[in-house]
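Data first, discussion second: the structure below is written as structure tokens.
The values are calculated or read from the model by the stated rules, or taken from the named source; none is laboratory data. Source: prediction; values computed, not measured. Glycine also receives a Cβ, built like all others from the backbone with ideal geometry; neighbour counts cover every protein chain displayed. When the accessible area is computed, the model is the full protein with side chains, heavy atoms only, and any ligands, DNA or RNA have been set aside. Shrake-Rupley method; radii C 1.70, N 1.55, O 1.52, S 1.80 Å.
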Amino acid sequence: MSARQMIKTATVAALYLLALPAMAHSGHGDSAGLLAGFAHPLTGLDHLLAMLGLGIWGGQQRRGLAQPAIFLGMMLFGALAGMAGWRIAGLETGIVAKVALLGLAIALGLALPNWLGMLLAGMFALAHGNAHGQELPAASAACGFMLASAMLLCAGRFVGQVLAERVLRVAGVALTAAGLVLMGLA
């Protein structure tokens, strides 16, 4: 695929995202069980893009599994805090801003020291988990969103390891654009 075709594809993807309704945490029905928890990261566009983006960025750096493990552990901690009533100010805006920042990191091929990458992943995860815990305050839901999140991180990691750097950079630009669009919707 030529650079021109990749740019066209990224532009179409970004325009497609503009046509989507804001799906960031707009209710997930009355159930709060395993399936509702599993569906939450897959149906909330901000969560979907953030977890795929983090996985891609981690895979792009070709480092060990510490970053996704830290993410999942801190997300669980944030979820438990959210279930207990702890609220993070500016949560939704922060989550979609993270999508834009992850896209930028991917587009630039930003390689941070491992400890700093894990620290950022942990901070991002705390916000995600808190949102999950506030919206789906049940242990069964937590099992569901932890499983779906782990799958998304692994899928993103695979993409980050197998795609050519040029393609990843275009994907990063598209992710940044999507994050900026979502910030306008939050």
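In a residue-by-residue description of segment 150-159, the property of being touching a residue at least 12 places away in the same chain (Cβ under 8 Å), buried (at least 24 other Cβ atoms within 10 Å of the Cβ), out of contact with any helix residue (DSSP H, G or I) (no Cβ under 6 Å at 6 or more places or on another chain) and part of a helix (DSSP H, G or I) applies to no position.
Against the numbered list (1) in a helix (DSSP H, G or I); (2) in contact with a Phe, Trp or Tyr (Cβ under 9 Å, 6 or more places away or on another chain); (3) open to solvent by 10 Å² or more (accessible area, probe 1.4 Å); (4) among the aliphatic types (A, V, I, L, M), Met123 comes up short only at (2). Residues in segment 25-42 that are part of a helix (DSSP H, G or I) and either at pLDDT 90 or above or farther than 30 Å from Leu110 by Cβ (or both): Leu34, Leu35, Ala36, Gly37, Phe38, Ala39, Leu42.
Remark: pairs (first residue in segment 106-123, closer than 13 Å to Arg62 by Cβ; second residue of a type in the set (D, E, K, R) and in a helix (DSSP H, G or I); Cβ separation under 9 Å; 6+ apart in sequence or on different chains) = Gly109/Glu165; Gly109/Arg169. Annotation: Ala22 fulfils all but one of (1) surrounded by 24 or more Cβ atoms within 10 Å (Cβ to Cβ); (2) at pLDDT below 60; the unmet one is (1). Looking across segment 44-86, the residues that are open to solvent by 20 Å² or more (accessible area, probe 1.4 Å), closer than 16 Å to Leu168 by Cβ and in a helix (DSSP H, G or I) come down to Leu49, Leu52, Ile56, Gln60, Gln61.
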